[in-house]
Structure formats: C-alpha cells, structure tokens
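One structure below.
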C-alpha cells in the first residue's frame, strides 16, 4: 500500500522520482517524473511559477485500415486550478470543453503533429490538465511543454522536443514573454511561437496593425527564448534513459507506386494545369480511367481489395507533379504564377432582411457572411478557468457543411476546425472594431461557406469585413486576408500566394495573414516539415503583404467605407450616463421601476455599473421616451430651472407642495402663487392641478423653495 510522508510520494512500481529544473523566461521551470500518473505510458508534472500542468501520453496499438495518424491532443481546464466554481447556475462540473480550451488544444497539436513519421498508425492520446493556474500569465505554453515532454518519454518515434512562448511588446517597445492578461491587452502584438532546434514549427498571432518587421523580430526573440525549455526536456529524457518502442509504418507499397507512376507517364504536367473546375474534372476522370484499366487487368474482385493502394499511389503522383510544376517550371496546378491571385468577386447587401450581408468569391472558394446587431445585453458571457466575468461583444461563427466539398456528411455541432477558423476570422477584425462608446452594439458575424477549395478562413475574414461595413459598423479600417503556401526544394524555397487545396496538400507550409493597409491584425502559420528558419518566413510575409493589398483594393471597389445608416430592421441603441449612485432608483424596488419603463416605452434597457445606460428599440421615439423617463428619475433639482406642468401633491394653509421630479417635492409659499394677493392657497390650487414653477432656492436642510410668480415673470420676459 502506498503511503506519503514528509511530502514525498511513494511510487508503487518502485521507480525513482526524477526532477529537473532550469531558468526559463525569468522563472524556474520544473519537470517531474514518476510522481503521479503511474499507469500512463508517460506522464510529467510541469511547474512554472505557480502554474502546474499534468501532461499524460498514452500509446495504443495500430488501428487496422486507418488512413491517417490517429493522434488526439486535449487541453483540460479545471476551474479549481484558478480557485473558481463555474458561474453556471445549473452545471458546476467541467463538461464539454469551452471554445477557448478547444483552441488551445489545437494550438498544442499543430507543432507536435508534423514531428511524427508519415505512416505511423498507432493510436496516440495526449491530455494536458491544468491543476494550478498562476493568474499572472496564461498556462497554454506550459501545457505545450508538458505534452511535448510526455511524448518524448514514451519512446515513440516523436521527433521532439517542442516548446513555445507567447510574446508581446511592452510599453518601452521591448519584446517580452509570459506577459499578464492586462499587459497583453495593451500590447500591439500577441504572438505565439512554437519551435524546435532553432526552427519555427507554428505561429499564431493577434495584432493591432503590427508591421511585418515587428512580427519577424518577435519570432526571432521567441526562437531564442524557448531554448532552455527544449534543453530541459532533452536532459530529462537522457536522465531517464527512454527506451525506444518498436513500430511499423503503414507506407504505400513501392510496387504499387512504381506501377502507377509508369501509368501516369505523359498524363500529368501541362495537360492538368487548368483552372480548378476543369482541373478537378480531369483529375477525377484520370482516377476513374486508372481504376477501370487496372480492374480489367487484375480482375474486378481482386482489385476491390487493392483500390485504396492505387488511390493513394495516384494521389502521391499528383502531389509530386504539383511540386515539379512549381519548382521546375514556376507554374502552379491551375496555371497561375507564384504570386497570382485567383479571380475575385464581391457583393454586399444581397439579403434584404438581415442587418448586413456579403458574398466573397475567390476561385472556387466562396463565403457568405451575415451580420446581426443587438443591444450590448446580448453579448456572450464567457465562463472559463481563466476569465472572471468576461463578455464577448463581437462573435464570429463559421459553418462549412459537407456539400461545400461535394460530400454527403451528417450535420452536427461545429468541430475543432470550424471553431478554429471562426476564431481566426474573429481575431482578424477585433483590432479594428469601434469601442462600445462609439458603437453600443453586440455584433454577431456568421460565415456560411458555400464552396471550398482552400483558404476558407481568409474568405471568411474578407466576407465578414464587407458585411460589417454593409451593416454600418464603423470599422477603424477595412481588413483583408490571404492564405500563403511554401515549398522547399533543397536550399531553395518557393512562396505561393492564395493557395488552393492541391498546393496545400503538396506543400511544406501554409499560413494565413490578415491586416489593414497599415499592418497585420492576425496570423497563423503551420509547418508540415520539421521547422523552418525565421528568414524564410520573412519572405513569405512580405509576399503576403502584396497579396493582401491586392485583395483589399478589390473589396473597396465594392464598398469603400461603412454605410452611414443602419438597416431599417436593425435595433437603434442610444446611451446616457447617470450618477452610479442613482442606479438603484432607476431599477426600483425588486426591479419595479425598470420593468415599468421597458413595458410602457417598448424598449430594452441595459445598465452598466459605471452608470452607462443603453436603451434600444427599432423606434427612436420609444428611445426618447425612455431617456426622458430615466432623466426625470435621476435628475437633480437645479436652482433657477423652470419646471413645466408639474402636479400639485398637497395644499396647506401656508402654501402648496409641487412635485418637480419623482420623489422631489418643493413648497410654493402662498406669497409666491400669484402677483395678486392670495388669502388661501386653496382659492387658487387643488391637488392634481398642473402648474409651472421655478426653483428659486434650496435651503441648508435640502428643502426646495418654488415660485409660480417667478416662473410667470421669466416666461413673460422671454416673449
């Protein structure tokens, strides 16, 4: 039976506890082995500051018939890690991962997946669980180190290690890793770089119009910063003495490849370099021709079992032809030059009842975007391990059903790809959105992909920008996006602008970059080779800048600037600011007052803690009525002001009390009722009468002194 004493864990398997430590970006980084997770293939506890992440890796057996690498990497948020209980009233335990957790899982997966050998078919699972979270920085990069270390310790053919850092620019213009959330919010750049052996494996960024030079400098900083984390993983693996696991690769049979290569001789090359509708049709015809000929040669029944082998061999032959065309001839699969953009088409205002809409077409890739505006109360509440009372005022959602790629596929909830593409397009526009004060609306932008042939996330970015402008959202600057590719041949590399599927599948890197005329707003790079030097990525960014400018110029010819008028079907929202101490008066006991205002004026009202009140309705007269009502509740009496048609609430022997504001009554003394002598106030006034009065004084006890006589004199003098 295991026991613990003096804070030392006893391992039931008798394995030695192993710990290594180094200095990493200003804090100690610790990797611990054999302390927890005794039955995993490998597990490691990573501690950085007060953040602790458990990385676990499990190796399974090869899955028969699997035609891809069955690797899954998940990032587990634990609310207890941040000392929180979920804000949901009904569900308090962790359930389906939040979109943020899905995105971090993808962030960890992307630099790790390319480092496994092609043809590896063992089932592999990695889980990064955050057990303790230091609130001074995000835990995602610690989780990446945990997963890389766990895979290193399995003995599987993982060509790691990998490490990453999140880099920002501080107020002095210096690059800094592991900045706090507040510091990142003020930073011009929020850049994640993952790398190995001095090369970049993955880049993801959000930025406020950062320049290409600033992004490249941040990458160079990151590549140097991660070196201690890489060396520490190698030190642990060496100290443990990892035993390599045996495995077999499921690679295409060379005999099939030779047979197919011989068959396609003279059938590829220039004959297939046509625009994509024609090219795709020719490729499909070629595939069918190959199957028919080999089935006739081998026999229908025997060929059924071999069809997949021939399919894969043909696909590899086509990929090789794509690379040869680019490397040797400088010609792309559809006949384009390396920096040439596919034909563009844009349209706005195509859906009559929505608040904003657009259709963006680039080659065979097509995205429709629809924008909906609503009061700020419709913003999405974000309840995650990291965020305390967060809200998403701008939401971008991306949908791509099976028909967009010509497949029969069941409809369901969005997957990791859809969430990731939607987030990238959302991040692209966030930097140019107006503030709440400038445009007090919640904004939902939905991209419905209509057809896919590469670069749909960038089509989503362009279409959402146009739809936002069509909806009258006053963007600070328009944004365009482009997907770039790269092929490496020895020491040479070839950068491709606006890649399509055929080039993506055959290439060594794809990256998406969005931005305004001034600079970058979002960036995502993924390598399919074992890393690339920063200098290579610099050339790709520069060519991407030219492509973005070309696309942006086309977009602005369709719609040059945001519309000045909202759709007649969009709600109108206006705001006023009151003294925060008056909020309870507007709300009333049990919400009675605010409910009465909304019911009688037909408006929606959202009250912020700072005293900002948002009033929304399709009818401006309803908004004006609600504003006037709220002002009457929160307005303070002003000496010298005239109050028109105010009710008499009581009549006494010495005068009458008049209510000039809700809950604020003042006395009109008998001598101030009229220029004529008045013996009894009841001779002139009765309860319920409406009179016009002037506030002439407020005494030291806060009592209001009113005068009907003074109001009449002033009004007479203005005639």
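Values in this text are rule-based calculations from the coordinates and carry no lab data. Bear in mind the structure is a predicted one, so any value in this text is a computation, not a measurement. Note that we place each Cβ from the backbone using ideal geometry, even for glycine, and neighbour counts take in every protein chain shown.
In the distance distribution for the stretch 585-719, Cα-Cα pairs more than 27 Å apart total 34 percent.
Look at 191, 556, 350 and count the other Cβ atoms within 10 Å of each Cβ; fewest to most, that gives 350, 556, 191. Annotation: the residues 138, 713, 393, sorted from fewest to most other C-beta atoms within 10 Å of their own C-beta, follow the order 713, 393, 138.
Stretching residue 92 away from residue 172 to a fully extended chain increases their span by 24.6 nm, per 0.36 nm per residue minus the current alpha-carbon distance. A Förster radius of 60 Å, combined with the Cβ-Cβ distance separating residue 227 from residue 718, puts the computed FRET efficiency at roughly 0.15.
Summarised as an ellipsoid, the stretch 112-180 has semi-axes of 30, 15, 8 Å, derived from the eigenvalues of the Cα gyration tensor scaled by 5 and square-rooted, with the largest first. The equivalent ellipsoid that matches the C-alpha gyration tensor of the stretch 506-660 spans semi-axes of 59, 18, 15 angstrom, in descending order. For the pair residue 700 and residue 281 in one chain, pulling the backbone fully straight at 0.36 nm per residue adds 141.8 nm over the alpha carbon distance.
Cα-Cα pairs above 20 Å in the stretch 572-634: how many percent? List each step's numbers first, then the result.
Working: 264 of 1953 pairs.
Result: 14 percent of Cα pairs exceed 20 Å.
With angles folded into 0 to 90 degrees, how steeply does helix 456-470 sit against the dominant principal axis of the chain? Use alpha carbons for both and round to 10. With rounding to tens, the tilt is 20 degrees.
Restricting the calculation to Cα atoms, the chain yields a radius of gyration followed by a Dmax of 33.7, 123 Å. Each 10 Å bin, from zero up to the one with the longest distance, holds this percent of the alpha carbon pairs of the stretch 396-475: 18, 47, 25, 9, 1. Neighbour counts of C-beta atoms inside 10 Å place 38, 511, 151, 493 in the sequence 38, 493, 511, 151, starting with the fewest.
To the nearest whole percent, what portion of all C-alpha pairs in the stretch 344-558 is separated by more than 29 angstrom?
Numbers: 6072 of 23005 pairs.
The answer is 26 percent, as a whole percent.
Taking label points 7 Å from Cα along the Cα-to-Cβ direction, residue 238 and residue 337 give a separation of 5.1 nm.
What fraction of the DSSP beta bridges in the stretch 344-558 is antiparallel, stated in percent and rounded to the nearest 5? Don't skip to the end; give the middle numbers.
Numbers: 44 of 50 bridges.
Counting only bridges with both partners in the stretch 344-558, antiparallel ones make up about 90 percent.
What full-extension length gain, to one decimal in nm, is calculated for residue 182 and residue 21 as 0.36 nm per residue of separation minus the Cα-Cα distance? Don't skip to the answer; put the middle values down first.
Details: separation 161, 0.36 × 161 = 57.96 nm, distance 2.84 nm.
Gain in length upon complete extension: 55.1 nm.
For residue 689 and residue 565, a Förster radius of 45 Å and the Cβ-Cβ distance give a FRET efficiency of 0.50, rounded to the nearest 0.05. Using only Cα atoms, tell me the angle between helix 592-601 and the longest principal axis of the chain; keep it within 0 to 90° and round to the nearest 10. Taking Cα atoms only, the helix is inclined about 90 degrees. Between the helical axis of 227-240 and the longest alpha-carbon principal axis of the chain there is an angle of about 50 degrees.
Most simply put, the chain has about 90% antiparallel DSSP beta bridges, counting only bridges with both residues inside it. Treating r as the C-beta distance of residue 301 and residue 381 and R0 as 60 Å, the FRET efficiency rounds to 0.50. Extending 7 Å from Cα along the Cβ direction at residue 245 and again at residue 645 yields two label points whose distance is 8.2 nm. With Rh defined as the Kirkwood radius, the inverse of the mean 1/r over Cα pairs, the Rg/Rh of the stretch 301-376 is 1.27. Each 10 Å bin, from zero up to the one with the longest distance, holds this percent of the alpha carbon pairs of the stretch 254-329: 18, 52, 25, 6, 0.
Test of understanding: express the Cα radius of gyration of the stretch 642-717 as a ratio to 2.2 N^0.38 Å, with N the residue count.
The reported ratio for this selection is 0.99.
In angstrom, the C-alpha Rg and Dmax of the stretch 183-316 are 24.7, 68.
Show that you can apply the helix-only estimate: for the chain, add -39,500 (n - 2.57) for every DSSP H stretch of four or more residues, divide by all residues, and state [θ] at 222 nm to the nearest 500.
Numbers: 16 runs with 223 residues, N = 719.
Estimated from H runs of four or more residues: -10000 deg cm²/dmol.
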